[in-house]
Amino acid sequence: MMADSSKRIDKFTMISGLVLFLASWFYTTELHFLLLTAAQLILVPMTLHLVMEINKKQAFIIGAGQVSVFLLHVITIHTGQMFLSVIYLLFTLYVALCGLGRFFRRGFVNWAEISIDIGMMYLFMGGIWFFIHINGINTGFSPMLNWLTAIHFHYSAFLLPISIGFFGRIHKSALYNVIVPFILAAPMLVAIGITFWPLLEFIAVIFYIFAIYSLIYLALKTKFSYFLQGLFIRLSFSALGITILFSLVYSVGRAYGKWYVTLDFMLLFHGLVNCIFFGLIGVLGWSLHLPESKQAVWSFPVSRIRGKLTTDNSYKSGLVDDLSEFAEIKELPKTIVNFYEQTNKYRLFATTYWAAWFKPLLIIYKPVSIWLNQLNLPVSKKRVEMHGQILGVNPLLDGRKSPRAWVRDVNGSTVFTAIYSSHENNGTTYMNIALPLPFSTMIGILRLEMRNKSLVLSSRGDGDQGIYLATGKLLFKLPLSEDFLIEEKQAGELTAIHKMKLFGLPFLQINYHIVEKNIPKRKLPI
């Protein structure tokens, strides 16, 4: 098993990288520059072989990046150096696009895989700063600072996020989910601090220390597949725990002008320890047994309708034919069941509440929603009646089971166009809702559950639940969530609370009052 896993790192890539690195040694007068060369020729290619199944085209691109780095040690003509540095820049751009592609095939889910994605995207920043350093572009900073920023993005921003991504495949905890965002944000904050504001660098390093030592703690608690792998990974993370303390002392010196640790010492000690013990030992550790991703592939049916809705000129009575397919309804009030199965018999009155932090964004959001005729909710808290009808949709066009569109409007302006369907997975029937958008569709997968004679619909959970964006062949999970709570207040009348969050922050709440059309009008509660 260990031998099979190690084949993910191509022997030719390893040998050629090592040979080119040793050859570069003979052409380098300032040996500290080899710290970045080691990452470019050996560590980055080895890591990419772990992340991706490399095909011939990708192997050529990696090889071109390696050769360009080596030749930069040999060729001193400015035109040649610019050409070679462009090749390496394009190589890092390609890696970043691969990382972006990984992200768009999954979206905002699974911190372990997101960490790998962002690590790959960060490499392009390293390529940019390396290009700046090689070509002597005037950034207002010293050539050494440009080089330090390049090496920073190769080690702290590429190797570390990918390593903790692999670690997240075998370890799952609330603490892990906290430290990963810290580690992903720190490289950019440290780089900004190094470049513009030393105090920010110091603050970022403090958070970085918390994250690194938490990572070491989790690694010590985690059981690895092989003893040697566990030893290597713990040693790799622990090396960071040592070097980050020197980074803290160095950042204090930069912030306050008191140099307790010199730059020469940082290059020698900090650089070598990170290169050998963190970088090389870490990559070798993961190559002993690469954990497989636990991220499930989305397999539920997705509406094929994009852009303008086309109906089949038929009408449906309710959002669902049988609510009992979705949840236990024996103890649910009959009014809730009837509302979903005979929706056209009810009137909806809605009051919209936007979170204070989101209101400035309504300047942009509202014109877009009007143009789309989708999610076009009122800005004010004034109670409004939403008129709606449920129209049949051709299942051959939509691609899902028994689709029907609920079109709602306020004062003649379309607010929602949502196409309702369902699907079953692992014994659970989900409500599968599509909101057509230009060239794409927003998908809401909700799970229904009865609680205390109320009905709860939620996009949060470990199953298919979530809010997604489908475009082309991509199905991308959005950082949105929604929850509905539907209750019967008195016979024939319902209340519903619809809450939405963005990145875990509440930004919208809609309170509904729902009454049967044949019941005489009552004074609506405020």
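Do the conditions hold for residue 112, that is, is it in contact (Cβ under 8 Å) with a residue 12 or more places away in the chain, touching a helix residue (DSSP H, G or I) at 6+ places or on another chain (Cβ under 8 Å) and farther than 28 Å from residue 69 by Cβ? It is true that residue 112 is in contact (Cβ under 8 Å) with a residue 12 or more places away in the chain, touching a helix residue (DSSP H, G or I) at 6+ places or on another chain (Cβ under 8 Å) and farther than 28 Å from residue 69 by Cβ. Within the stretch 137-146, not a single residue is in contact with a Leu (Cβ under 6 Å, 6 or more places away or on another chain) and either of a type in the set (D, E, K, R) or without any contact (Cβ under 8 Å) to a residue 60 or more places away in the chain (or both).
Given the criterion in contact with an Asp or Glu (Cβ under 8 Å, 6 or more places away or on another chain) and assigned by TED's automatic domain parsing to the domain that holds residue 337, identify the matching residue among 469, 457, 480.
Numbers: 469 fails: in contact with an Asp or Glu (Cβ under 8 Å, 6 or more places away or on another chain); 480 fails: in contact with an Asp or Glu (Cβ under 8 Å, 6 or more places away or on another chain).
It is 457.
For residue 124, state whether it is crowded, with 21+ Cβ neighbours inside 10 Å and either touching a residue at least 24 places away in the same chain (Cβ under 8 Å) or within 27 Å of residue 171 (Cα to Cα) (or both).
Details: crowded, with 21+ Cβ neighbours inside 10 Å: yes; either touching a residue at least 24 places away in the same chain (Cβ under 8 Å) or within 27 Å of residue 171 (Cα to Cα) (or both): yes.
Yes; evaluated as a whole, the condition is true for this residue.
Residue pairs whose Cβ atoms lie under 9 Å apart, sitting 6 or more positions apart in sequence or on different chains, and linking a residue in the stretch 169-187 that is without any contact (Cβ under 8 Å) to a residue 12 or more places away in the chain and in the same structural domain as residue 109 (by TED's automatic domain parsing) to a partner that is part of a loop (DSSP other than H, G, I, E, B) and loosely packed, with under 14 Cβ neighbours inside 10 Å, are 172/294. With respect to the stated conditions, residue 444 fails to be at positive phi, surrounded by 15 or more Cβ atoms within 10 Å (Cβ to Cβ) and in the same structural domain as residue 424 (by TED's automatic domain parsing).
Any chance the stretch 460-482 includes a residue that's more than 28 Å from the chain's Cα centre (by Cα) and of a type outside the set (A, V, I, L, M, F, W, C)? Even if it seems obvious, please write down each step before you answer.
Applying the first criterion (more than 28 Å from the chain's Cα centre (by Cα)) to the stretch 460-482 yields none.
No: zero hits.
Answer yes if at least one residue in the stretch 150-167 is touching a Pro at 6+ places or on another chain (Cβ under 7 Å) and modelled with pLDDT of 95 or more, and no otherwise.
Pass one, the stretch 150-167, residues touching a Pro at 6+ places or on another chain (Cβ under 7 Å): 152-153, 156-157, 166.
Then drop every residue that is not modelled with pLDDT of 95 or more, which leaves 166.
Checked the stretch 150-167: at least one residue is touching a Pro at 6+ places or on another chain (Cβ under 7 Å) and modelled with pLDDT of 95 or more.
Assessment of the stretch 294-310 against the conditions (of a type in the set (S, T, N, Q) and touching a Lys or Arg at 6+ places or on another chain (Cβ under 7 Å)) yields at least one matching residue. Screening residue 384 with (1) among the aliphatic types (A, V, I, L, M); (2) within 13 Å of residue 347 (Cα to Cα); (3) out of contact with any Pro (no Cβ under 9 Å at 6 or more places or on another chain) gives one miss only, at (3).
Which residues, taken from the stretch 22-77, are within 16 Å of residue 88 (Cβ to Cβ) and at pLDDT below 90? Correct list: 33 only.
Residue count for the stretch 224-260, restricted to those that are at pLDDT below 80 and buried (at least 20 other Cβ atoms within 10 Å of the Cβ): 3.
Tell me, please, whether a residue that is under 23 Å from residue 40 (Cα atoms) and not hydrophobic (A, V, I, L, M, F, W, C) can be found in the stretch 168-181. Don't jump to the end; show me each part of the working.
Within the stretch 168-181, the first condition is being under 23 Å from residue 40 (Cα atoms), and the residues that meet it are none.
Among the residues of the stretch 168-181, not one is under 23 Å from residue 40 (Cα atoms) and not hydrophobic (A, V, I, L, M, F, W, C), which makes the answer no.
Residue by residue through the stretch 168-215, note down the ones that are exposed (fewer than 15 other Cβ atoms within 10 Å of the Cβ) and among the β-branched types (Val, Ile, Thr). Answer for the stretch 168-215, where residues must be exposed (fewer than 15 other Cβ atoms within 10 Å of the Cβ) and among the β-branched types (Val, Ile, Thr): 178, 192, 206.
Conditions (1) modelled with pLDDT of 95 or more; (2) among the charged types (D, E, K, R); (3) in contact with a strand residue (DSSP E or B) (Cβ under 8 Å, 6 or more places away or on another chain), marked per residue:
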position: 483; (1), (2), (3): yes, yes, yes
position: 488; (1), (2), (3): no, yes, yes
position: 492; (1), (2), (3): no, no, yes
position: 496; (1), (2), (3): yes, no, yes
position: 500; (1), (2), (3): yes, no, yes
position: 507; (1), (2), (3): yes, no, yes
position: 511; (1), (2), (3): yes, no, yes
position: 516; (1), (2), (3): no, yes, yes
position: 520; (1), (2), (3): no, no, no
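Has the stretch 89-105 got at least one residue that is outside any helix (DSSP H, G or I), touching a residue at least 60 places away in the same chain (Cβ under 8 Å) and within 30 Å of residue 176 (Cβ to Cβ)? Within the stretch 89-105, one or more residues are outside any helix (DSSP H, G or I), touching a residue at least 60 places away in the same chain (Cβ under 8 Å) and within 30 Å of residue 176 (Cβ to Cβ). Tell me, please, whether a residue that is crowded, with 19+ Cβ neighbours inside 10 Å, aliphatic (A, V, I, L, M) and in contact (Cβ under 8 Å) with a residue 24 or more places away in the chain can be found in the stretch 360-374. Checking the stretch 360-374: not a single residue is crowded, with 19+ Cβ neighbours inside 10 Å, aliphatic (A, V, I, L, M) and in contact (Cβ under 8 Å) with a residue 24 or more places away in the chain.
The values are calculated or read from the model by the stated rules, or taken from the named source; none is laboratory data. Everything numeric here is computed off the predicted structure, so don't read it as measured data. As a convention, Cβ positions derive from the backbone with ideal geometry for all residues, glycine included, and neighbour counts pool all protein chains shown.
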